[in-house]
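Inspection log for the structure reproduced underneath, given as structure tokens.
Where a number appears in this text, it was derived from the coordinates with a stated rule and is not lab data. Because the structure is predicted, anything quoted here is derived from the model rather than measured. FYI the Cβ positions are ideal-geometry reconstructions off the backbone, even for glycines, and counts take in every protein chain you see.
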Amino acid sequence: AQKITQTQPGMFVQEKEAVTLDCTYDTSDQSYGLFWYKQPSSGEMIFLIYQGSYDEQNATEGRYSLNFQKARKSANLVISASQLGDSAMYFCAMRSNTNAGKSTFGDGTTLTVKP
Amino acid sequence: DTEVTQTPKHLVMGMTNKKSLKCEQHMGHRAMYWYKQKAKKPPELMFVYSYEKLSINESVPSRFSPECPNSSLLNLHLHALQPEDSALYLCASSLSLRDTEAFFGQGTRLTVV
């Protein structure tokens, strides 16, 4: 069975500062992908970043980076230079080849950026 | 074009009504998904289509009936729903079942009265 744990129900960050959203996962699969989605109050799930289990370098996409620590089974999202528009729910998710088509989501973290 | 378009954006229906949700993508993706999401909860997978064939049904009640008429379209037919079915229904697509990135639509906010 696969499991994603996001231990921070809510986080606050000051505008222009960096913030880390935690994500740990559990799987017995060797090949899997980890990704983060942002969901504003409008409802759309916006794909942010992806990390493959065999990728040796941490993924980066603009202000987003994924701190991947395979031995610890963690895949934390780092947002640099926070903006007011970053206020949203953030979901960590996992997909593996043995469960093709199925994504396991964490419970999410609500991020609020303060001006 | 990296859009998944869902219609309608909002829907209010009675428990005896029949309605349909529509999802469309023109990215050439061959996997399409329906998710149900309650407020402040993660999305729950309902159905997955791969190459227009139903690949996964997560034991969804028969009052929800998916349909994939062609590779660009995905419908969700609703009949005799219950108030607890009120939720945000999200459609997504990906190049294939094993593809890394799934694109989501903005969702349909469904209220059953």
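Worth a mention:
- From phi via Karplus (6.51, -1.76, 1.60), per-residue ³J(HN,Hα) for the stretch B:106-113 in Hz, x at Gly/Pro: 7, x, 10, 8, 9, 10, 9, 10
- The stretch B:5-75: proportion of alpha-carbon pairs further apart than 16 angstrom, %: 54
- Comparing A:PHE105, A:THR27, A:TYR50 along the charge dipole axis of the stretch A:1-113, the residue lying farthest to the positive side is A:THR27, per the Cβ-charge model.
- Dipole of the protein assembly as shown computed with +1 at Lys/Arg Cβ and -1 at Asp/Glu Cβ about the Cα centre; of B:TRP34, B:TYR51, B:GLN82, farthest Cα towards the positive end is B:GLN82.
- Just checking the listed ones, B:LYS18, B:LYS40, B:LYS53: in the Gaussian network model of chain B with Cα springs under 10 Å, the one fluctuating most is B:LYS40.
- Inverse mean reciprocal Cα-Cα distance (Kirkwood Rh) of chain A, Å: 14.2
- Hydrodynamic estimate: the Kirkwood radius of the protein assembly as shown over Cα pairs, inserted into Stokes-Einstein at 25 °C and 0.890 mPa s, corresponds to D of 135 µm²/s.
- Computed magnitude of the charge dipole of the stretch A:6-99 (debye, nearest 20; Cβ of K, R +1, Cβ of D, E -1): 100
- The GluC sites (Glu not before Pro) of the stretch A:1-81 meeting both criteria, a DSSP state outside H, G, I, E and B (loop) and at most 11 other C-beta atoms within 10 angstrom of the site's C-beta, are A:GLU56.
- Non-local Lys pairs in chain B, i.e. 8 or more apart or on different chains, that have alpha carbons under 26 Å apart: 22
- Taking the Cα centre of the stretch B:1-72 as origin and assigning +1 to Lys and Arg Cβ atoms and -1 to Asp and Glu Cβ atoms, the resulting dipole is close to 420 debye.
- Proximal aspartates and glutamates to A:LYS16, defined as alpha-carbon separation beneath 14 angstrom and excluding residues fewer than eight positions away on the same chain: A:ASP86
- Among the chymotrypsin sites (Phe, Trp or Tyr not before Pro) in the stretch A:33-71, those located in a DSSP loop and surrounded by at most 14 other Cβ atoms within 10 Å of their own Cβ are A:TYR54.
- Phi-derived couplings, Karplus 6.51 cos²θ - 1.76 cosθ + 1.60 at θ = phi - 60°, listed residue by residue for the stretch A:71-87: 5, 8, 6, 10, 9, 7, 9, 10, 10, 9, 6, 3, 10, 4, x, 7, 5 Hz, with x used for Gly and Pro.
- nm² value of the averaged projected area, convex hull over the Cα atoms of the stretch A:23-80: 4.5
- Cα-based radius of gyration of the stretch B:41-83 once divided by 2.2 N^0.38 Å, which approximates compact folds: 1.22
- Rg of the Cα atoms in the stretch A:46-110, relative to 2.2 N^0.38 Å, amounts to 1.17.
- As a proxy for reagent exposure, B:ASP85, A:ASP29 were ordered by neighbouring Cβ count within 10 angstrom, fewest first; the result is A:ASP29, B:ASP85.
- Gaussian network model of chain A, Cα within-10 Å springs - most flexible of A:GLN69, A:GLN30, A:GLN14: A:GLN30
- Along its principal axes, the stretch B:40-112 has C-alpha extents of 34, 26, 20 angstrom, given from the largest down.
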